[in-house]
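Trainee: Okay, here's the structure, questions in a sec.
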Amino acid sequence: MGFYIRFEFHIFIHREDGRRQESKPQSGDEFISPEEFCRQAEEEIARQRELLTRSTVENYQTALRSFRKFCEAQSGARLDGILLKRYEHWLHDQQLKPNTVSCYMRSLRSLLTKIYGDESRQMFGNVYTGQAVTDKRSLPIDDVARLKAVRLPKQSFLSLVRDLFLFSFYALGMPFVDMAYLRRQQIIDGQFTYYRHKTGQQVTVKIEPCMQEIIDHYQKEGRDYVFPLLQSTNPQDSYDEYKRMLNRYNRSLKQLAVKAGVSRHLTSYVSRHTWASTAYSENVDLAVISKALGHSNPHHTLIYIRQIDDQRLNDANRHLIDSLQHIP
């Protein structure tokens with residue numbers, strides 16, 4: 001009498017990457033409506049919210065609102081490269097700037113990639129997703145001196161605005177959002193370290209006397225933040241406060257420019273661009289500037305310095321020509 005034992009193994013593979021696999025609009029054979037994409041995009045944002053920065057979430061949501069508005073007049077449309085090209089033209093008709101249009105497109109592309117995979121990037125082949133050259137944002141150092149010298153009422157908000165602009169310049173082009181969230185506990189042994197809200201890159205700044213003077217001026221017992229911009233430590237409440245303060249800061253910079261006799265348009269980015277341009281003109285290495293600005297990609301640093309006066313390039317060319325002429 002014989003017998004045998006039989007073993008059976010059943011293997012089940014379950015995907016948990018959060019992507020919907022039932023439709024992938026990459027080959028042109030499948031059909032997906034813009035409405036369905038927007039619905040899935042909202043679900044994707046909700047799933048990823050804890051992993052994304054607030055600015056990224058806002059960019060996604062703003063792009064989706066705009067795309068939905070455009071699609072209201074596109075009944076029965078297919079989500080493809082042709083529709084995206086029409087959307088690009090529609091954005092330009094709304095008088096949006098090229099970089100804003102590009103930001104919307106990059107946000108949609110990112111969401112499509114998260115939901116449908118890398119193949120969906122092909123739909124963006126004929127739309128602009130780059131970075132256009134903008135008006136020069138940096139100031140000549142003489143204008144920074146004018147801002148520093150202008151007489152302002154003590155304890156006024158405009159005086160705070162001037163101090164923040166100078167502190168940003170002194171602190172390696174520190175962004176406004178990171179100044180707003182800077183806490184006293186981050187100051188240790190004559191320096192402070194912060195992680196950029198936008199990129200997460202770590203930046204350490206040695207506190208120079210001019211910076212310490214500003215810090216001491218706003219020192220107040222019991223206040224957690226270095227500067228009097230935020231009150232709450234609750235993440236959502238403090239972020240709402242930051243957004244309101246950023247708006248007020250930028251409006252006040254316009255007033256400050258008028259009082260100081262500075263003709264250039266001032267925004268929260270100008271001090272940052274000014275530090276980068278000044279450092280580059282002083283022959284600071286590009287890699288050092290990139291580290292100081294907290295850029296995750298050195299290519300981004302080039303955007304800050306590519307509009308520097310061509311005189312440096314002309315001088316270098318003159319030097320090369322002179323060298324050649326002295327060769328026997």
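The values are calculated or read from the model by the stated rules, or taken from the named source; none is laboratory data. None of these values were measured; they are calculated from a predicted model. Neighbour counts run over all protein chains shown; Cβ positions are idealised from the backbone, glycine included. The area values use the complete protein model at the heavy-atom level, side chains included, leaving out ligands, DNA and RNA. Shrake-Rupley method; radii C 1.70, N 1.55, O 1.52, S 1.80 Å.
Trainee: Taking amide H atoms as placed 1.01 Å from N in the peptide plane, list the residues 5 or more away in sequence, or in a different chain, whose amide H sits under 5 Å from that of LYS198.
Mentor: Hits under the 5 Å cutoff: none.
Trainee: Show me, for segment 207-212, the HN-Hα J-couplings you get by feeding each phi into the Karplus relation (A = 6.51, B = -1.76, C = 1.60, θ = phi - 60°), rounded to Hz, glycine and proline as x.
Mentor: Going residue by residue, I get 7, 7, x, 5, 6, 4 Hz, with x marking Gly and Pro.
Trainee: In segment 136-229, carbon and sulfur make up what percent of the accessible area (probe 1.4 Å)?
Mentor: Ligands and nucleic acids excluded, carbon and sulfur reach 48 percent.
Trainee: Treat each spin label as a single point 7 Å out from the Cα along the C-beta direction, and report the HIS319 to ASN99 distance in nm.
Mentor: Each label point is offset 7 Å from its Cα along the Cβ direction, giving 3.0 nm.
Trainee: Return the long-range amide H neighbours of ARG183 (sequence gap of 5 or more, or a different chain), with a cut-off of under 5 Å between placed amide H atoms.
Mentor: VAL226
Trainee: Let me ask you something else. Over segment 68-165, what is the relative contact order in whole percent, taking alpha-carbon pairs under 8 Å and six or more residues apart?
Mentor: In percent, rounded to a whole number, it is 24.
Trainee: Follow-up. Tabulate in residue order the Karplus-calculated ³J(HN,Hα) for segment 95-109, using 6.51 cos²θ - 1.76 cosθ + 1.60 with θ = phi - 60°, rounded to whole Hz; enter x for Gly and Pro.
Mentor: Running phi through 6.51 cos²θ - 1.76 cosθ + 1.60 with θ = phi - 60° gives 6, 7, 6, x, 5, 5, 4, 4, 4, 4, 5, 5, 5, 5, 4 Hz.
Trainee: Would you mind pulling out the separation of the Cα centroids of segment 57-114 and segment 258-284, in Å?
Mentor: With segment 57-114 and segment 258-284 each reduced to a Cα centre, they are spaced 33 Å.
Trainee: Taking the Cα centre of segment 205-298 as origin, sum charge times position over the Cβ atoms of Lys and Arg (+1) and Asp and Glu (-1), and report the length of that vector in debye to the nearest 20.
Mentor: 480 debye
Trainee: Taking 25 Å as the cut-off for C-alpha to C-alpha distance, list the pairs among LYS97/LYS259; LYS69/LYS198; LYS85/LYS114; LYS69/LYS97; LYS254/LYS291; LYS114/LYS243 that go past it.
Mentor: LYS97/LYS259; LYS69/LYS198; LYS254/LYS291; LYS114/LYS243
Trainee: Follow-up question, since we're still on this one. Could you give the dipole magnitude of segment 179-237 about its Cα centre, charging the beta-carbon of Lys and Arg +1 and that of Asp and Glu -1, in debye to the nearest 20?
Mentor: 220 debye
Trainee: Here is a further query. Determine ³J(HN,Hα), in whole Hz, for all residues of segment 52-64 in sequence, where each value follows from phi through the Karplus function 6.51 cos²θ - 1.76 cosθ + 1.60 and θ = phi - 60°; x replaces Gly and Pro.
Mentor: 9, 6, 4, 5, 5, 4, 5, 4, 4, 5, 5, 5, 5
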